[in-house]
Amino acid sequence: MSTPMLKLIWPTTSTSFLERGAALLAGPAVREADTTGWTTPAAVLEAHGLDATGAGSVDLLRFTPTPVTRVSTPAPGSPTFVAGHENGFLRGAGAMIPVWDVAPTEIPRWAELTRLHADGRIEPLSTYAGPALGWRRKGSGYALPSTTIGVRAIWNGDEYHASWVDASSIELVAVAEAAPDGFTEARPNVFRRIVDASSCARVFEISLSGIWNGPHGSIPCTIVSSAPEGTAVLLHVDTARATAIGALALEAGVFVRVVPPSELSDVGGTTTEWEIPAAKAWQSMPPREVADLLDFWAQASWPLSREEVHALAVERFGWTTELDRGTEYLMNTVSGFTTPDVSTIGAKNALVDLGLDLSDTVREITVESTALIDAAFEAMVEEIERRWGPAVSRRDKGTTTATWTVTSGARLSLNRNDRGLSTFIQTPQGIALDKASGYA
């Protein structure tokens, strides 16, 4: 499942995220698209079958499961089943919202923790930026990546913690005294490097389970972290037994206890593998297509609003729009480049500028990749110069820019750096705004 999901986060867990840097994700979650009625804390709590009396706020985690996150319907013994959602729907009266069980894992990169207040206001709390950087909030604690849960990758013969950056690239994370070759320091003794996903030999996640043979009998469990002072396990028990054992309830159905490693037996693992896609050859937009694209926007009837530009792009180029939290975004889904996002910035109902990639993004800069980018850039400039005449060229800090100002008053530029190619289109209204602000 790769659809955005929402999860109610209890205060204990929210505190562990923000103050201690924890990143354990487990238990019930729902599809974001099914939560349009969650406009107040009371609506969220009532949907979960919980008492909403006096609820001033609730915390919610918005995340997109990774390709190896195990999301399933609630099964007997799972945290979601134990929490009372055994029929596959949140147990609140009249909710009828499908609920899913997320097997214990690390929070996916770019998950957002927010606080929903009684007046409907949504307060951003923090964003999880992966195991190398942790929660991106001033003063947040940091915890080293778990040695037992979370994504792993085998790259150049070595195993690393891993985190998806996008569909085609993965961040490798090493915890070491010194940086491995090509890695940069994220935190003391924590190093990271972004590589093409296709260059990994394996990308996977292992779920370790076992039996805790403690003073309360033999209890099935999932191992969620391991340290010399003890092993943290998620206990597969009901609420009454968890209370009797003295387990910490992170939320309904999610009970954690730190136990001596010597009391664990029958430890075994289940591996979820990601089918790594074949390496994709670097590609760029053909020069004639680039020139046609710029011609279209050069001749547009400016001023145009952001919404009008989106409608024109969908009609002319077959691009698409996506709605995220009430805001529409434009995407070039036709070219299939690494980053399909099209930036459209507007002011006072008039678009100011538009920008998009004209090629894939290079992750590993090589002599060969640089030669490909150079050749594509030169061909694009040559094609456009045949139509509009010589460009004004500029080189600055590793970026080469070729710019044309056209009769409509718009300014269009091609940009080249060692990562790829892009275009930036500034409308007459954008140029006027710059002049009025003293930037031009």
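GNM on the chain, alpha-carbon springs under 10 angstrom: the most fluctuating residue among Asn415, Asn189, Asn349 is Asn349.
Counting beta carbons within 10 Å around each of Phe255, Phe191 and listing the fewest first gives the order Phe191, Phe255.
Highest GNM mean-square fluctuation, the chain, Cα pairs closer than 10 Å: which of Ile149, Ile194, Ile276? In this elastic network of the chain, the residue with the biggest mean-square fluctuation among Ile149, Ile194, Ile276 is Ile276.
Once the Cβ-Cβ distance of Thr370 and Glu229 is raised to the sixth power relative to R0 = 56 Å, the FRET efficiency obtained is 0.65.
Of the options Thr361, Thr344, Ala197, report the single residue whose Cα projects farthest towards the positive end of the charge dipole of the chain (beta-carbon charges: Lys, Arg +1; Asp, Glu -1). The one lying farthest along the dipole's positive direction is Thr344. In this calculation the C-beta distance from Thr333 to Thr36 is compared with R0 = 22 Å, giving a FRET efficiency of 0.35.
Take each peptide in 81-89, 178-186, count the other Cβ atoms within 10 Å of every residue, and average; sorted highest first, the result is 81-89, 178-186. For segment 5-204, a crude dipole built from +1 on the beta carbon of Lys and Arg and -1 on the beta carbon of Asp and Glu, taken about the Cα centre, is about 140 debye to the nearest 20. The aspartates and glutamates within cross-link reach of Lys435, meaning a Cα-to-Cα straight distance under 18 Å and a gap of 8 or more places when in the same chain, are Asp353. Annotation: for a label point projected 7 angstrom from Cα along Cα→Cβ of Asn156, residues of segment 356-398 with backbone N closer than 14 Å are 364-366.
For segment 5-204, what is the percent of antiparallel DSSP beta bridges, rounded to the nearest 5? Intermediate results must be reported in sequence, preceding the final value.
On the way: 50 of 50 bridges.
If we restrict to bridges inside segment 5-204, about 100 percent are antiparallel.
The packing ranking, built from the mean of other Cβ atoms within 10 Å per residue, places the peptides 366-373, 53-60 in the order 53-60, 366-373, highest first.
Our note on the geometry: Cα centres of segment 347-402 and segment 197-270, 52 Å apart.
Residues in segment 190-195 carry Karplus couplings, in order, of 10, 10, 9, 7, 9, 10 Hz; the curve used is 6.51 cos²θ - 1.76 cosθ + 1.60 with θ = phi - 60°, and Gly or Pro positions show x. Looking at the chain, the DSSP beta bridges with both ends there are about 100 percent antiparallel.
Between Arg386 and Val71, the contour length at 0.36 nm per residue exceeds the Cα-Cα span by 108.0 nm.
Using the basic label-point model (7 angstrom from Cα toward the beta carbon), what is the Ala281 to Met96 distance in nanometres? Between Ala281 and Met96, the simple spin-label model gives 5.2 nm.
Extension gain for the segment Glu263 to Thr15, taken as residue separation times 0.36 nm less the Cα-Cα distance, is 86.4 nm to one decimal.
The aspartates and glutamates whose alpha-carbon is closer than 16 Å to the alpha-carbon of Lys138, local same-chain residues fewer than 8 away aside, are Glu19, Glu112, Glu123. Under 14 Å from a point 7 Å along the Cα-to-Cβ line of Thr243: which residues of segment 64-100 have their amide N that close? Under 14 Å, as judged by backbone N against the label point of Thr243, lies no residue of segment 64-100. Charge dipole (Cα centre; +1 on Lys/Arg Cβ, -1 on Asp/Glu Cβ; no other charges) of the chain amounts to roughly 760 debye. Only the Cβ atoms of Lys and Arg (+1) and of Asp and Glu (-1) were treated as charged; on that basis the dipole of segment 287-437 about its Cα centre amounts to roughly 540 debye.
Taking a ≥ b ≥ c as the square roots of the eigenvalues of the Cα gyration tensor, an a/c ratio of 1.5 or more together with a/b no larger than b/c marks segment 287-437 as oblate. Cross-link reach is defined here as a Cα-Cα straight distance under 20 Å, omitting same-chain residues fewer than 8 places apart; for Lys397 the aspartates and glutamates meeting it are Asp357, Glu364, Asp374, Glu378, Asp418. Between the beta carbons of Asp324 and His117, assuming R0 = 30 Å, the FRET efficiency works out to 0.90 to the nearest 0.05.
All of the numbers you see were taken from the coordinates with simple rules; none came from a lab. All of these numbers come straight from a predicted model, not from anything done at the bench. We place every Cβ from the backbone using ideal geometry, glycine too, and count neighbours over all the protein chains shown.
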